[in-house]
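One structure is given here, and the rest of the page talks about it.
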Amino acid sequence: MIRTLWVFVVIIAATVWYGSIAIVDSLFRSRVEYYIELTRGWARAILRASATPVVAHGLENVRRDSPMVVVSNHVSWYDIFAIAGVIPVPFHFVAKKELESIPLFGRAWKTAGHISIDRSDRQKAIESLRRAGQQIRARNSAVVIFPEGTRSRTGRLQPFKKGAFTLAVEAGVPIVPTVVVGSFDIMRPDDWRVHPRTIHVHFGEPVSPREVPGESTDRLMERVRGRMVEMLERLEALPPEA
């Protein structure tokens, strides 16, 4: 319980500290790389407080010279902290618009360039994804999306929504299938206690929408999801110490 209380104190303090810096800085200048580093600092502070180390695998698949869409499974809030803490390229998250309503965090989120999707308005959602596509092409950066749309309550991979794949097709950029392992047991659904665990983030080989000319968004989504299922099954088959 002491660990959990400490983590929540750090989450609040880190959000106020890093969020305030981002908001104040934005009044005088706009430095995308700086805001990304603030996001990394915020995530790493929470991971340290949680006694939760993160091990990254397959970093060679995340290239600095190419824009990309990073598609990840989503079983815990710690997936966000883990990816933000280890991804080696400029990045922005795409998430539900409701995050903008969180005091201070919401404004800092927008200031840092992360992208909100209004899932209740299809046209606005499409416009947000197009803006994300323009952003990653202009900056050679990555967009991180959780295509399940919400956290899995069982730890198993859920059906995907099309947004990430429509974005990849329209922008003509590769998708990096990514799986996060170990985060589910840190804070399970309906349990606010923090249980320290090591998180492993596996970045898979990129999947290009251009590999199969004329391939539909649905087929691309099926290919990427199939790749992620294979990755998870392979990792589950490994002995615990691996």
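Rule-based calculations on the coordinates, nothing more; no lab input. None of these values were measured; they are calculated from a predicted model. So basically every Cβ, Gly included, is an ideal-geometry build from the backbone, and we count neighbours across all protein chains shown.
Per-structure values
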item	result
Relative contact order (%) - segment 1-121, alpha-carbon pairs under 8 angstrom, separation at least six	35
Antiparallel DSSP beta bridges within the chain, as percent of all bridges there, nearest 5	20
Local net charge near Gly155, Cβ-Cβ under 9 Å (Lys/Arg +1, Asp/Glu -1)	+2
Largest to smallest principal axis extent of the C-alpha atoms in the chain, angstrom	54, 51, 34
Helical mean residue ellipticity (222 nm; -39500 (n - 2.57) per DSSP H run of 4+; nearest 500) of the chain	-14500 deg cm²/dmol
Rg over Rh, two decimals, segment 36-130 (C-alpha only, Kirkwood Rh)	0.97
Dimensionless Rg/Rh of segment 15-71 - Kirkwood Rh, Rg from C-alpha atoms	1.05
